[in-house]
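Asks: Following this message is one structure expressed as structure tokens.
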Amino acid sequence: KEDITAWAEIKCRTTEYPEMYLSLHEWMAGKELSGETGLPFILVYGFKDKVCWKTVEKDTPKIVIGGRQDRQDWQDMEPMAVFKLDQFKTL
């Protein structure tokens, strides 16, 4: 058995965007896991030619309503946490 050393949320995109949109629910769950276990919560944002990452600490992201709009399903829209790509480090 291997020890868990961090929690991570990974998003991969074919196009590079200046911001990472993450479900507010996913962000809150990662923060809770980190707070309860003392392990870091890391966001990983992958593109075709690079991978970026950041450790979530005391971030206060902008919150917006977002999600998929191509399926005409109102349930695809939800509160999202927004993180600027310039806050990330590149691997």
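Asks: Got a number for carbon plus sulfur as a percent of the chain's accessible area, 1.4 Å probe?
Replies: Numbers: 3480 of 6640 Å².
That fraction is 52 percent.
Asks: So, taking all protein chains as they sit and a 1.4 Å probe, how much accessible area belongs to Thr60, in Å² rounded to tens?
Replies: Accessible area, nearest 10 Å²: 130 Å².
Asks: Given a 1.4 angstrom probe, what's the average accessible area per residue across the chain, in square angstrom? Write out the running numbers ahead of the final one.
Replies: Working: 6640 Å² over 91 residues.
With all protein chains present, the chain gives 73 Å² per residue.
Asks: Which stretch or stretches of segment 50-64 have amide N atoms under 13 Å from the point lying 7 Å from Gln87's Cα along the Cα→Cβ direction?
Replies: Within reach of a label on Gln87: 53-64.
Asks: Would you kindly compute the Cα radius of gyration of the chain and its largest Cα-Cα separation (Dmax), both in Å?
Replies: So, for the chain, Rg and Dmax equal 14.0, 44 Å respectively.
The values are calculated or read from the model by the stated rules, or taken from the named source; none is laboratory data. Quick caveat, the model's predicted, so the values are computed rather than measured. Glycine also receives a Cβ, built like all others from the backbone with ideal geometry; neighbour counts cover every protein chain displayed. Heads up: the accessible areas ignore ligands, DNA and RNA and are worked out on the full protein's heavy atoms, side chains in. Shrake-Rupley method; radii C 1.70, N 1.55, O 1.52, S 1.80 Å.
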